[in-house]
Amino acid sequence: MELNLTRHASSFYDFIRVEHDYLLPRFQVPGEIVTSSFAQPPHGTTILALKCLEGVIIAADRQATEGYQVASRHIEKVYKADEYSAIAIAGAAGPCIEMVKLFQVELEHYEKLEGEVLALEGKANKLAQMVRQNLPAAFQGLIVIPIFAGYDLRKNEGRIFKYDVTGGRYEESDYYSTGSGGKDARNTLKKLFRPGMTREQAVRLALEALLDASEEDVATGGPDPVRGIYPSVKIVAQTGTHDLPEDEIRQICELLLSERRR
Amino acid sequence: MAIPFYVAPDQMVQDKAEYARKGIAKGKSIVAMESGMGITLVAENPSASLNKISEIYDRIAFAGVGKYSEFENLRKAGIRYADLKGYAYSREDVFSKSLANAYSEVIGNIFTREIKPLEVEILVVEVGETPEENQMYRILFDGSISDHHGYVVIGGQADKISQFLRDRFHDDLRLAEAIKLGKEALEAGQGGPIRENTLEVAVLDRARPGRKFRRFSALDLRELLAKASLGS
């Protein structure tokens, strides 16, 4: 690898597009459209985000499916994007994970080159561009749908952004959920969400919504006490982006399950 | 066709070196020191926004003296190099050694091929898991590279400052002590006091998770220096 003194803007994406094209995550096949029966890749399913007093809770189940098969029981779909934002992804797992990886580098790269962190709005727009780049692949069945949550240090509040396959970016005021069980989780969120919930209440609601999704949607994985696999939950707040302790998640899941026990 | 004048190669090299040295001598120096917590970098920099010290990657920092636009371009190239490597392979595969060599090659090539050499001297430092694994490289305007332990100085008054540090530096300095010593060394170099608000200080802190680089604000610095004066 050589040191390249050519001047570039502060975008890592643009840099590799111009200088190292082969590293770009490009998944579309030229010409014929791939049918879904052909080589169905693993898909990640239910993801959600909701606001609380401290910021935003962002969470997802841990299952990936290949058609009717379980591809993974413990895939990770929630990632820290940078100090004050996190991203959850639903859709074709490979392209999803690549997009997250590139997005993380993009944010850090900009921060180091410019000596300034992108505004939350700027990060959300950057992600929209990356989703849009994936549109041809989305038409061939390799959809990537993220939820982006961040803490806006200028406005002093948590914010949630959802996306469509064309890179359309929409801000949600309270909560959102998507993926195969997204609608089911959204129903729960819709009924139980209250503005100004504490972190504890919001985490419980997130886990309850995921549990409901796992009961209604076959592709969404429920809490798995046998293997000790539980949904992943992160909080994005003024103090930064943090994982919720696994113990806390396990306890709440067990509580929710015991409430449903007959 | 006009025939260019013949200039002996050694004359040309000498002229270029003299030109570069003259440019660098105007620049203020930077000190990097190993200490218990990692590596501390101290520079005199009247500008609060045009930095001389910068983060490259998780464990790696960069510092440059001389012509700002030139070392700034080198800094950015270094970040691109490191981010690209980390993206294409993994974060653990990014080392200062290969980056320092890449810098050396590029700067050396410019020195021999271009009419105007770069008027810069740079430092590439990496904090290791243990103090023994720390790396500090100094790269000169002609691409010559050297590695250092304990402390290293770049800039116009490098010799004078190194002389000052020779008797005073020891490797179990605390953070505040290291910053104070760095400040005193820079003052010895330029032969006069330096105001706190013209100091630029950053550390590669081994204890930090992930990205080890941390820049100190003017407020942090004032507190740390006050602490160091109390201690001594």
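The numbers here are math on the coordinates, done by the rules we state, and not lab data. Just so you know, these numbers come straight off a predicted model, no measurement behind them. Neighbour counts run over all protein chains shown; Cβ positions are idealised from the backbone, glycine included.
So here's what we get for this one:
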{"item": "Selection of GluC sites (Glu not before Pro), the stretch B:146-229, meeting DSSP coil and at most 13 other Cβ within 10 Å", "result": "none"}
{"item": "Tail beyond 30 Å, pair distance distribution of the protein assembly as shown (Cα, percent)", "result": "55 percent"}
{"item": "Computed over chain A: relative contact order in percent, which uses C-alpha pairs under 8 Å that are six or more apart", "result": "25 percent"}
{"item": "For A:H8, residues with placed amide H under 5 Å, excluding near neighbours", "result": "none"}
{"item": "C-alpha long axis of helix A:246-260 to longest principal axis of chain A, angle in °", "result": "40 degrees"}
{"item": "For B:E119, residues with placed amide H under 5 Å, excluding near neighbours", "result": "B:K67"}
{"item": "Antiparallel DSSP beta bridges within chain A, percent to nearest 5", "result": "100 percent"}
{"item": "Candidates A:E248, A:E108, A:E76, ranked by Gaussian network fluctuation over chain A, Cα under 10 Å, top entry", "result": "A:E248"}
{"item": "Residue order, fewest to most beta carbons within 10 Å, for A:T241, A:T45", "result": "A:T241, A:T45"}
{"item": "Set of the stretch A:122-143 residues, backbone N closer than 19 Å to the point 7 Å along the Cα-Cβ line of A:Q28", "result": "A:127-143"}
{"item": "Prolate/oblate/rounded label for the stretch B:28-231 (Cα gyration tensor, a/c 1.5)", "result": "oblate"}
{"item": "Contact order normalised by residue count of the stretch B:60-196, Cα under 8 Å, 6+ apart, percent", "result": "21 percent"}
{"item": "Sequence of A:V78, B:V42, A:V203, A:V18 once ranked by neighbouring C-beta atoms within 10 Å, starting from the fewest", "result": "A:V18, A:V203, A:V78, B:V42"}
{"item": "Mean residue ellipticity (222 nm) of chain B, computed from DSSP H runs ≥ 4 via -39,500 (n - 2.57), nearest 500", "result": "-14000 deg cm²/dmol"}
{"item": "Residue pairs, from the table A:K112/B:K180; A:K234/B:K97; A:K51/B:K227; B:K67/B:K97; A:K51/A:K112, whose Cα atoms sit over 31 Å apart", "result": "A:K234/B:K97; A:K51/B:K227"}
{"item": "Most mobile listed residue (A:V131, A:V70, A:V165) in chain A, GNM with C-alpha springs under 10 Å", "result": "A:V70"}
{"item": "Label zone at A:H8, where the point sits 7 Å out along the Cα-to-Cβ direction: the stretch A:81-107 residues whose backbone N lies under 15 Å", "result": "A:102-107"}
{"item": "For chain A, built as a Gaussian network whose Cα springs stay under 10 Å, the top-fluctuating residue of A:E157, A:E19, A:E215", "result": "A:E19"}
{"item": "J(HN,Hα) series, the stretch B:2-16, from Karplus relation 6.51 cos²θ - 1.76 cosθ + 1.60, nearest Hz, glycine and proline x", "result": "6, 8, x, 4, 7, 10, 4, x, 5, 5, 4, 4, 4, 4, 5"}
{"item": "Amide H within-cut-off set for A:Q28, under 5 Å, with H built and near neighbours excluded", "result": "A:A137"}
{"item": "Rounded, prolate or oblate (a/c below 1.5 giving rounded, otherwise prolate when a/b exceeds b/c) for the stretch A:41-260 by Cα gyration tensor", "result": "oblate"}
{"item": "Residue range of chain A that is longest and free of chymotrypsin sites (Phe, Trp or Tyr not before Pro) which are both DSSP loop and sparsely packed (at most 12 other C-beta within 10 Å)", "result": "A:69-262"}
{"item": "Computed lengthening from A:K101 to A:D21, 0.36 nm per intervening residue step minus Cα-Cα distance", "result": "27.2 nm"}
{"item": "J(HN,Hα) series, the stretch B:44-50, from Karplus relation 6.51 cos²θ - 1.76 cosθ + 1.60, nearest Hz, glycine and proline x", "result": "9, 8, x, 8, 8, 10, 8"}
{"item": "Low-density loop positions, chymotrypsin sites (Phe, Trp or Tyr not before Pro), the stretch B:3-44 - DSSP coil, at most 12 other Cβ in 10 Å", "result": "B:F5, B:Y6"}
{"item": "³J(HN,Hα), Karplus 6.51/-1.76/1.60, whole Hz, each residue of the stretch B:162-169, x for Gly, Pro", "result": "4, 4, 4, 6, 3, 8, 9, 6"}
{"item": "Cβ-based exposure ranking for A:L256, B:L219, in which fewest neighbours within 10 Å come first", "result": "B:L219, A:L256"}
